[in-house]
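Take a look at the structure set out below.
The values are calculated or read from the model by the stated rules, or taken from the named source; none is laboratory data. Bear in mind the structure is a predicted one, so any value in this text is a computation, not a measurement. So basically every Cβ, Gly included, is an ideal-geometry build from the backbone, and we count neighbours across all protein chains shown.
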Amino acid sequence: MKILVTVKLVPDTTAEKRIDPSTKRLVRTGVETVLNPFDEYAIEAALQLKEKAGGDTTVTIVTLAPESGKEIVRKALAMGADDALMISDPAAEGSDVWGTAYALAQAIKKNGFDLVIAGTQSTDSTTGELPGALAEYLGVPGVTYVRKLDLDGTALKAERETDTGYAKVSTDLPALVSVTKSINEPRYPSLKGIMGAKKKTIAVQTLADAGVDKPIGSDAARTEVTNLETPPARGKGQIFEAADAVAGATKIVEFLRERKLV
Ligand SMILES: Cc1cc2nc3c(=O)[nH]c(=O)nc-3n(C[C@H](O)[C@H](O)[C@H](O)COP(=O)(O)OP(=O)(O)OC[C@H]3O[C@@H](n4cnc5c(N)ncnc54)[C@H](O)[C@@H]3O)c2cc1C
């Protein structure tokens, strides 16, 4: 079975972020880059499925990112993935969700897959849209927000987090799932894993190599960032004084009712 895990390379969560005013895009150079923390849960889920299934199951990491991120991809290999595929091409710069999903789908289809596992969201753009778009382009069921995942042959069973609890979902492979942070506790790479990762293959492909037959990148983007603003500073709020808890609660409810918030 072939399991592919999509990972994004993102600026370190603690790094100071800067937007280039001319392109309205995040400045990614000169900032420490890391594996998107949400994707470590996706890698762990894939490794657990591999350990359970045994046999010839493989876990391949896939990313659309500049080649300079190769050593960050190696962390995913140090966790235990078998190999990696990087789609690295200057023509991909400025890709929006559509372009990113289309390019990843073409590369994944060309590579072959039974199951694709993604994180729920990135820590930089944070749209959470990519997994759905990717499933659509791959033409397979997309099971998002998964907190529990099991495979029995080609039958996939999952629990999806919902606003009110969870839903049990089942489908057949091939499929795509995106996993939440509740699914597992990602392992730390062991010393053996770190040493072993140095010998693992990271294939680097251009968009053409990956079978991407349409232009992506800034000129082809279907999304335009029209404006970016810092949120206004939070106001002081309103303090209610009341004789007791019931009177206080009543005042708060009245306040919310007046604004049609309850
Ligand atoms: C006009 C425009 C220009 C942009 N220019 C750039 C740019 O120059 N450089 C840039 O890096 N971003 C750029 N972005 C942001 C980029 O389009 C998004 O980061 C990307 O589409 C993924 O969306 P997301 O980060 O919201 O991922 P989400 O949907 O929040 O991520 C969910 C999961 O999808 C997977 N995933 C997301 N992105 C990738 C990826 N690249 N490779 C593999 N797996 C992935 C991961 O598993 C992740 O956990 C641009 C966006 C717009 C609108």
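Quick notes on this one:
- Residue match in the range 182-201 (condition: within 22 Å of A101 (Cα to Cα) and of a type outside the set (G, A, S)): no
- Residue count for the range 1-21, restricted to those that are away from the ligand (no atom under 13 Å from the Cβ) and hydroxyl-bearing (S, T, Y): 2
- Within the range 130-161, being within 13 Å of the ligand (Cβ to nearest atom) and of a type in the set (G, A, S) holds for G132, A133, A135, G142.
- Just one residue in the set A91, A84, A46 is in contact with a helix residue (DSSP H, G or I) (Cβ under 7 Å, 6 or more places away or on another chain), of a type in the set (A, V, I, L, M, F, W, C) and outside any loop (DSSP other than H, G, I, E, B); that residue is A84.
- The range 95-129: number of residues that are more than 11 Å from the ligand (Cβ to nearest atom) and either part of a loop (DSSP other than H, G, I, E, B) or of a type in the set (D, E) (or both): 3
- Take the conditions (1) closer than 30 Å to R25 by Cα; (2) more than 8 Å from the ligand (Cβ to nearest atom); T164 misses just one of them, which is (1).
- All conditions but one from (1) more than 21 Å from D114 (Cα to Cα); (2) within 19 Å of the chain's Cα centre (by Cα); (3) within 14 Å of the ligand (Cβ to nearest atom) apply to A45; the one that does not is (1).
Listed here are the residues, each with its yes/no results for (1) more than 18 Å from the chain's Cα centre (by Cα); (2) outside any strand (DSSP E or B); (3) touching a residue at least 60 places away in the same chain (Cβ under 8 Å); (4) crowded, with 22+ Cβ neighbours inside 10 Å.
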site: L4; (1), (2), (3), (4): no, no, yes, yes
site: V10; (1), (2), (3), (4): no, no, yes, yes
site: F38; (1), (2), (3), (4): no, yes, yes, yes
site: K50; (1), (2), (3), (4): yes, yes, no, no
site: G55; (1), (2), (3), (4): yes, yes, no, no
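- Scanning the range 162-206 for residues that are surrounded by 13 or more Cβ atoms within 10 Å (Cβ to Cβ), out of contact with any Phe, Trp or Tyr (no Cβ under 8 Å at 6 or more places or on another chain), in contact (Cβ under 8 Å) with a residue 24 or more places away in the chain and of a type outside the set (V, I, T) yields a total of 12.
- Elements of type strands (runs of 3 or more DSSP E) in the range 132-214, at least 3 residues being more than 18 Å from L4 (Cα to Cα): 155-161, 166-172
- Some residue of the range 68-86 being surrounded by fewer than 20 Cβ atoms within 10 Å (Cβ to Cβ), within 20 Å of the chain's Cα centre (by Cα), within 13 Å of the ligand (Cβ to nearest atom) and within 22 Å of K148 (Cα to Cα): no
- Any hit, the range 238-256, residues being away from the ligand (no atom under 14 Å from the Cβ), modelled with pLDDT under 90, more than 27 Å from T63 (Cα to Cα) and of a type in the set (G, A, S): no
- Neighbours by Cβ (under 8 Å, 6+ apart or cross-chain): first from the range 20-34, at negative phi and at pLDDT below 90; second within 12 Å of the ligand (Cβ to nearest atom) and among the acidic types (D, E): L26/D20; L26/D124; V27/D20
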